[in-house]
Amino acid sequence: MFKIYSYLPTKIIFKVGAINELYKHIKGLGKKALIVTGKSSTKKNGSLQKVQEQLEKENIEYIVFDKIIPNPISTTVDEAAEICRKEKIDFVIGLGGGSAVDSSKAIAITAPNLGKFWDYVPVGGGKIPEKALPIIAIPTTHGTGTEADPFSVITNPLTREKVGIGYDNTFPKISIVDPEIMKTLPQNQTAYTSMDAFYHSIEAFFNINANPYSDVLALDAMKRIVSYLPIAYEKGDDIEARIHLSWASTEAGITETLTGVIANHALEHGLSGFYPDIPHGLGLCITGPYLFEYIFDHIFERLAIVGREVFGVYEADDKKAAKLAIKKLRDFQELFNLNKRLSELKVRKEDLKEIAKTGYRILKGVIAVTPGNINDEDMSQILKNCY
């Protein structure tokens, strides 16, 4: 028997050229904004300038905070939150990949409340943020789905804990999804971010709380990615491919809101918490197939559905179809050189046990909804299998 809890208060504007209509949606949010972004990509692709022009059109002052790094850290969030307090910022705009949008959510709950961001993390202070600044999400990658969910993933650089938080007030108020912006994504980011969305979807499909609503979105997102990632990878300016990948990412974000991910994200968060240079999407591709093999007996029926509907497997027997699905997934990842071993990425074998323990401790929620009742020892073995 399935249960559905559906709450998505975000206004999502999905349209080619949508960024040029930002000014229509920011009326009434305030007179001063903080633009949260990375160091260079939004300057190169012109999206930062477009956002600035839109704000100026509405006579809204703004400060550009461009210190966000991949796998963003809590000290940067705290720095930006202090700027918000000092400058009396009214709303926050997250412009960039998942790191920028996630950071904007974290800043939005830290700024109007007391203390630092880690005070509002379950493994930190565990406080529930009473207030939040309005958040506008403008993703420039098609991977995280953060425009359609309340989640923010931030790393504590002192403890190497990469933790996801999500509250009702961390949903973006408005999300502008413009596939036109994605055309400048380089090949590696096109692959990493698309596979991030793929794993959000397939993990939601295996989640013990999966339901018909999230299943439809998850399967559709996976099919779009398998069909259109090879096109966008070879021809980055193909707008049709970017549209389908962008929508797949948004669908995947909704599945996270409806159902959520499983232990693959705990494995990856542990991994990139210790080794922050590993891109999130790549990490998920490394650990995902090994996790599915490890819990195979608990997911093979659903894995067979993925094989048939996403990868076109023609096999009546569920276990055979499921095994072929894992092979097809690895074959697909190989098209983009994503089947790395942890040893290739200079991960130290002696760190694997601690990585597993940390991932298990900080993301027990996603472990609990993973079929097979795995523990930290199981996670350690999966990481060894990836080595």
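Here, each number is a calculation from the coordinates, and none is a lab measurement. Please read these numbers as outputs of a predicted model, since none were measured by experiment. Every residue, glycine as well, gets a Cβ built from its backbone with ideal geometry; the counts of neighbours run over all protein chains shown.
Miscellaneous remarks
- Modelled FRET efficiency - R0 22 Å, residue 183 with residue 69, Cβ distances, 0.05 increments: 0.40
- Subset of 15/105; 39/67; 27/173; 27/116 violating a 18 Å alpha-carbon distance limit: 15/105; 27/116
- Alpha-carbon centroid distance for the pair the range 356-382 / the range 281-303, whole angstrom: 13 Å
- Residue-count net charge about residue 224 - beta-carbon cut-off 13 Å; Lys, Arg +1, Asp, Glu -1: -2
- Amide H contacts of residue 73: 155, each under 5 Å away and 5 or more positions distant or on a separate chain (H built 1.01 Å from N in the peptide plane; Pro and chain starts excluded).
- Calculated FRET efficiency for the pair residue 2/residue 293, C-beta based, R₀ 22 Å, to 0.05: 0.25
- Counting neighbouring beta carbons within 10 Å and listing from fewest to most, the residues 328, 39 come out as 39, 328.
- Cα-based reach from residue 43 at 12 Å (exclusive), listing aspartates and glutamates while leaving out same-chain residues under 8 positions away: 66
- Folded to 0 to 90 degrees: helix 376-386 orientation relative to the chain principal axis, Cα: 80 degrees
- Under the simplified labelling scheme, the residue 11-residue 277 pair shows an inter-label distance of 4.4 nm, with each label point 7 Å from Cα along Cα→Cβ.
- Angle in degrees between helix 239-258 and the longest Cα principal axis of the chain, rounded to the nearest 10: 80 degrees
- Residue exposure sequence - 294, 387 - by fewest surrounding Cβ within 10 Å: 387, 294
- Folded to 0 to 90 degrees: helix 318-334 orientation relative to the chain principal axis, Cα: 50 degrees
- 24 Å Cα-Cα reach of residue 349 towards lysines, excluding residues that sit fewer than 8 places from it in its own chain: 162, 340, 357, 364, 384
- Each residue of the range 27-38 is assigned a 3J(HN,Hα), and the resulting list reads 5, x, 7, x, 10, 8, 10, 10, 8, 9, 8, x Hz, derived from the Karplus form 6.51 cos²θ - 1.76 cosθ + 1.60 (θ = phi - 60°), x at Gly and Pro.
- GNM flexibility winner over the chain from 75, 370, 257 (Cα, springs under 10 Å): 75
- Structure-derived Cα Rg over 2.2 N^0.38 Å - corresponding label in (1) 1.08; (2) 0.94; (3) 0.99: (2)
- Whichever aspartates and glutamates have a C-alpha closer than 16 Å to that of residue 57, once near sequence neighbours (fewer than 8 apart) are set aside: 21
- Shape category assigned to the range 1-79 from the gyration tensor of Cα positions, a/c cut at 1.5: oblate
- Distances between placed amide hydrogens fall under 5 Å for residue 144 paired with 98, all partners being 5 or more residues away or on another chain.
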